[in-house]
Amino acid sequence: ARAGRYDEMVEHNLMDCMVCGSCSYVCPSNIPLSQLFALSKGQLRRRAHIAAAAPAPKPEADADAGDHGAQVAGAPAPAGVAP
């Protein structure tokens with residue numbers, strides 16, 4: 001949670017953790033792993049909720065509509081312009 005490496009959390013299946021606390025109990029460095037996992041799972045849920053609520057991206061405009069001066073396939077190049 002502190003590092004914000006959410007993609008790695010998903011890759012390592014953090015959401016499968018039941019937050020039982022066993023890892024915190026046996027951690028020789030006394031890192032509160034279960035508390036960090038619980039916070040991270042909450043962040044992942046929030047991010048998923050925000051992503052689901054975000055509007056769908058608008059489809060891009062037709063490629064020919066904004067391409068002024070594009071050469072049509074098979075047409076000769078305008079005078080003075082290298083193909």
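Per-residue packing, averaged as other Cβ atoms within 10 Å, sorts the ranges 36-43, 49-56 into the order 36-43, 49-56, beginning with the highest. For segment 6-17, backbone phi angles converted through the Karplus equation (6.51, -1.76, 1.60; θ = phi - 60°) give residue-by-residue couplings of 5, 4, 5, 4, 5, 4, 8, 6, 4, 5, 7, 5 Hz, Gly and Pro being listed as x.
Any read-out appearing in this document is the output of simple, stated calculations on the displayed coordinates, not a laboratory observation. In this text, all values refer to a predicted model and were calculated from it rather than measured experimentally. FYI the Cβ positions are ideal-geometry reconstructions off the backbone, even for glycines, and counts take in every protein chain you see.
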